[in-house]
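Below is one structure, written out as structure tokens, with a few remarks after it.
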Amino acid sequence: MGKGRFAPSPSGRMHLGNACSALVSWLSARSADDAFSLRLEDLDDRCQSAENARLIVDDLAWLGLDWDEQLTQTARISAYQSAFETLCSRDHVYPCFCSRADLHAASAPHASDGTPLYAGTCRSLTPQQVAQKSRVRQPAYRIEVPDKTIEFTDGHLGPVRQKLAAECGDFVLRRSDGVFAYQLVCVVDDALTGCTQVVRGDDLLSSTPRQLFLYDRLGYGAPQFFHHPMLLSPDGRRLSKRDRDLDLGELRARHVAPERLVGKLAFMLGIIEQPEPCRPDELIGEFAWAKLPSHDLVVDGSEFLA
Ligand code: GLU
């Protein structure tokens, strides 16, 4: 039996886009008779709270979704530490003292996800330079990427290629505040908890080659990846946690029934032919990746309220 997962960050109330992602990941797993895991990506305490995590769990259950296990990343630090040490022993992982301002000032071209492409400033520091810089600043740790093209077949979008060094650059495994970075923890969790399918929004498509590189370096077998279309607001922005009017708190306060929301999302995604209210379990037999569009979808929140 395989396993799927939904991995929200508790940085705010879920919006319609997060509900859509949860529904698609759940349907993809359940329609394959797979188990389903809920993982709260709660490592970043700068903008996350236990109350947000509680609301996510409550909103998912309200939508009619269920899961076989629930994990929080703050309980799994030792697993990340040991994977980090494995990479340090096998690869060139080096301390990077560049500040955010340094990274932008280096004016390197931007990597495919919008972060500045790392210019390699700290890649070859001598032990003396490291010791000296460590007195003033805590370093982040980066892994050197090879000049290699990573290729994989997305279960929804088809073949994807990325040149690691040219399009992504050496990337951070541990931030300067000691928090393990998303690319590392996501791989460790998906691999060690036995996820066989990773479903997430296509905003994370450019992270997947980096993650596949880490799967390889850590000796883990990779899952199948599926990237689903994102929901856009009528002005073309991706929905974000700042779009308070479209969050589940607002929708629930306005007495929108979960079946109405699920039915409308399933209709927008092409899973059903009419926007009729339904529960997620009624959609299991209807779900097929081939029905979903491969372009992002514009959503007008008022349609959900009417
Ligand atoms: N925590 C990430 C987010 O909320 C999702 C990570 C993933 O699904 O790989 O965007």
What is the fewest-to-most order of Val298, Val188 by other Cβ atoms lying within 10 Å of their Cβ? Val298, Val188
What span do the alpha-carbon atoms of the stretch 1-128 cover on each of the three principal axes, reported in whole Å from largest to smallest? 56, 31, 28
Counting sequence-distant residues (5 or more places) and residues on other chains, those with an amide H built under 5 Å from that of Ala181 are Arg174, Arg175
Less than 13 Å Cβ to Cβ from Asp42, Lys/Arg counted +1 and Asp/Glu -1: what total charge do the surrounding residues give? -1
Within straight-line cross-link reach of Lys291, aspartates and glutamates at Cα separation under 18 Å, skipping those fewer than 8 residues along the same chain: Asp154, Asp202, Glu273, Glu276, Asp281, Glu282
Work through the residues other than Arg123 whose Cβ is under 9 Å from its Cβ and net out their charges, Lys, Arg +1 and Asp, Glu -1. -1
Could you give me the percent of Cα pairs per 10 Å distance bin for the chain, shortest bin first, beginning at zero and ending with the bin that holds the maximum distance? 6, 25, 33, 23, 10, 2, 0
Amide H neighbours of Gly201 under 5 Å, counting only residues 5+ apart in sequence or on other chains, H built in-plane at 1.01 Å? His228
Work out which trypsin sites (Lys or Arg not before Pro) in the chain are exposed loop sites (DSSP not H, G, I, E or B, at most 13 other Cβ within 10 Å) and give the longest gap free of them. 149-236
From the alpha carbon gyration tensor of the stretch 184-306, can you work out the equivalent ellipsoid semi-axes (sqrt of 5 times each eigenvalue) and give them in Å, largest to smallest? 31, 17, 14
Just tell me which aspartates and glutamates come within less than 15 Å, Cα to Cα, of Lys3; anything on the same chain fewer than 8 places away is out. Asp33, Asp34, Asp66, Asp68, Glu69, Asp189, Asp190
Any residue on another chain or 5+ positions along whose placed amide H is under 5 Å from the amide H of Leu157 is listed here as His227
Testing the spin-label approximation: label points 7 Å from Cα along Cα→Cβ at Gln129 and Ala290. State their distance in nm. 5.5 nm
Note, the stretch 246-252: 3J(HN,Hα) by Karplus (6.51, -1.76, 1.60, θ = phi - 60°), whole Hz, Gly/Pro = x, goes 9, 8, 5, x, 5, 4, 5
Expressed as a whole percent, how much of the Cα-Cα distance distribution for the stretch 18-66 exceeds 12 Å? 67 percent
Per residue convex hull volume, Cα only, the stretch 110-177, in Å³ is 108 Å³
Counting DSSP beta bridges with both partners in the chain, what percentage is antiparallel, nearest 5? 55 percent
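Each reported figure results from applying straightforward, stated rules to the coordinates on display, with no laboratory input. In this text, all values refer to a predicted model and were calculated from it rather than measured experimentally. All Cβ positions, even for glycine, are placed from backbone atoms using ideal geometry, and neighbour counts span all protein chains on display.
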